[in-house]
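These notes are about the structure you will find just below.
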Amino acid sequence: MHGHGADYKDLVVFLAAAGVIVPLVNRLKISPVLGFLAAGVVLGPDGLARFSGALPWLSWITIREPGQLAQLSELGVAFLLFMIGLELSWERLRAMRRLVFGLGMMQVLACSVVLAGGFMLTGQSLAGAAVLGMGLALSSTAVVMPVLAERGRLKGTVGRSTFAILLAQDLSVAPILITVTVLAALAQQGGGLDLDPAVLGRALFTLAPAAIGLGLLILLGRVVLRPMFRSVAKARKVDQGGELFVAASLLVVVGAGLAAQASGLSMSIGALVAGVLLAETEFRREVEISIEPFKGLLLGVFFVGVGLGLDLDAVAANPWGVIGLAAAITVVKTGVIFILARLWGLAARPALETALVLAPAGEFAFVVFATGLVEGVAPSALTSTVALSATLSIFSIPFLAMLGQRLTRRPRLEAAAMPDERELPQQADGAVVIVGFGRVGRLIGEMLKVHDQAFIAVDADPGIVAAGRRDGYDVFYGDAGRAEMLLRCGVQTTRALVVTMDAPGKVDEVVRTARQLRDDLILIARARDDQHAARLYALGVTDAVPETTEASLQLAENTLVDLGVPMGLVLASIHERRDQFRQVFQAAVSDQRRDRPMRAFRVSQNRTRARLE
């Protein structure tokens, strides 16, 4: 194939495969991760592409140059880490510090030592065994997190402990690479432990740009991100377009990733930091919705890339050796992680599920192996076999997650098993959701706060959102008429949703969307007048509060009290009249629904009579 079109052929093949795979695996109730992994194997150079010589038309539906998808694959992992960061905050990270810097770092160290010891027993040198052990100690964030999300395991004990360990692993990549450099210097000196201080200093000095870059990224993020998104939100309010928000979100992910790369860190670490910084702002929910479609597609590229990397010829040449090594790595890591999780207070079942999903190798293993080969401390023949086994183990993650969940089928035990659970903020779970935080919404929020009722608010006016957050309220920017925004704000777990906006059409839209998402939701809405209230009852609100009626009742109450009528009698009569109004609105809705079949029947009769005449 020649011409400029051939440059994009592999990308077109991937998009076509995604369009077929995702609906198919959803219908078969199979993990999309497995679907993309299998597509990579089938469509790759060792799959159907090997027959393109005999059947030239296969070259149009296979991927011959995996490198074309490599950059998109890296972006997919960055987007995943960015979305994870949006679910965190500095306070939550502080609350998780025992798991991240205790359990997580100990897992990296213990697995590295045990695996390195195993390789030394096979006759490998200390330096080579250490490189292989450190690489295999890491797990796959890009595969584990989506698999847990698919199975609904992210918010429980397993999800939090798994994420804490994965975060610790991501933070340990840079120190591991430095350690490989130091091991290379030791090997060049003949294996002695008396390392030249100058060599050690040069190795450690490479950490300085990473530390400086990370500090600058955090500082600039705190200064720039909120004003930038506030400006975008104001522009969006004028032109009603969502493209600016999508563009700004993409800019933050890619820009933070590139800045981290320039500092010697991974792109995913930069994206994670940007997500954590944005999690502190009022734009967090809207950014999540803007990024979601890109994250899923780009992660698909990553999984296809993993499948492309599986060398079937090498597996066929030594199947038992490769598969046996993959199984050994998984079993050893499962045992080590399970023991550590139990020592850190997790119950047996969550500890076992956590150990199973983290036992396979991860994508950073290939980075560590490549560095070890460049530095000359990792034996090339064994490293290629280990890398192949690591790839096979990644394929097993969805199956191990399924096995772990089946072995731990008593989810009620999780709540008491997780240490420091009370320290983790459960922001939207059970909280009342107020849509519209203007004068009416703020007053409702203040009254909820007086009575110790948790709430969060959503508003599409960036100025109102900023003012609410300055006053210490949990207010987010976004359009609550979109199902995605209501889901992000916890509509599935909230006790009540209150719609306070003064635009009747928008109130109807939010009510309609909320009722479609949840039949049993307590739904209270502000109505313009009696007709609007009747329409809202038809849409399924629990209570509609018409402004004109409430103003009349308030005037009547003040008048009666000022005339000397006892307050108790006045309040009782006002409540009685309010109930009468509500019954009238609801009866009108019932009559309309009851009359529809009769009206349709009369119309049909009239049409029949007209035809006969």
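With an 8 Å cut-off on Cα pairs and a minimum separation of 6 or more residues, tell me the relative contact order of segment 432-603 in percent. Provide the component values of the computation, followed by the final result.
On the way: 230 pairs, mean separation 26.7, N = 172.
Answer for segment 432-603 is 16 percent.
From the Cα trace of segment 449-553, what convex hull volume per residue do you get, rounded to a whole Å³?
Working: hull volume 12.0 nm³, N = 105.
Here the figure is 115 Å³ per residue.
List every residue whose amide H lies under 5 Å from the amide H of Leu154, counting only residues 5 or more places away in sequence or on a different chain, with H placed 1.01 Å from N in the peptide plane.
none
Bin all alpha-carbon pair distances of segment 327-369 at 10 Å intervals from 0 and give each bin's fraction as a whole percent.
Calculated P(r), rounded to whole percents: 31, 45, 21, 3.
Karplus couplings for segment 95-104 from phi (6.51 cos²θ - 1.76 cosθ + 1.60, θ = phi - 60°), rounded to Hz, Gly and Pro as x?
After applying 6.51 cos²θ - 1.76 cosθ + 1.60, I find 5, 8, 4, 5, 6, 5, 8, x, 4, x Hz.
Would you kindly derive the ³J(HN,Hα) couplings of segment 45-55 from the backbone phi angles with the Karplus curve 6.51 cos²θ - 1.76 cosθ + 1.60 (θ = phi - 60°), listing them in order in whole Hz, with x for Gly and Pro?
With the stated coefficients, segment 45-55 comes to x, 8, x, 5, 4, 5, 9, 5, x, 7, 10 Hz.
Taking 0.36 nm per intervening residue step and subtracting the Cα-Cα distance, what contour gain separates Gln580 from Ile522 on full extension?
Roughly 18.9 nm would be gained on extension.
What residues have an amide H closer than 5 Å to that of Phe455, excluding those fewer than 5 places away on the same chain, when H is modeled at 1.01 Å from N in the peptide plane?
Sorted by chain and number, the residues that satisfy this are Val432.
Output wanted: per-residue J couplings in Hz (rounded whole) for segment 476-489, from phi through Karplus 6.51 cos²θ - 1.76 cosθ + 1.60, θ = phi - 60°, x for Gly and Pro.
10, 7, x, 9, 6, x, 8, 4, 4, 5, 4, 5, 5, 8
Long-range amide H contacts for Val499: which residues qualify at under 5 Å (H placed 1.01 Å from N, peptide plane, sequence gap of 5 or more or a different chain)?
Excluding prolines and chain starts, which carry no amide H, the hits are Val435, Ile524, Ala525, Arg526.
So how do 389-396, 504-511 stack up, highest first, on mean other-Cβ count within 10 Å?
389-396, 504-511
Based on the mean of other Cβ atoms within 10 Å per residue, sort peptides 276-282, 52-58, 175-181 so the most packed one is first.
Ranked by mean Cβ neighbours within 10 Å, highest first: 276-282, 175-181, 52-58.
Each reported figure results from applying straightforward, stated rules to the coordinates on display, with no laboratory input. Predicted, not measured: the structure shown is a model, and the values here were computed from it. Quick reminder, even Gly has a Cβ in these numbers, built from the backbone with ideal geometry, and neighbours come from all protein chains shown.
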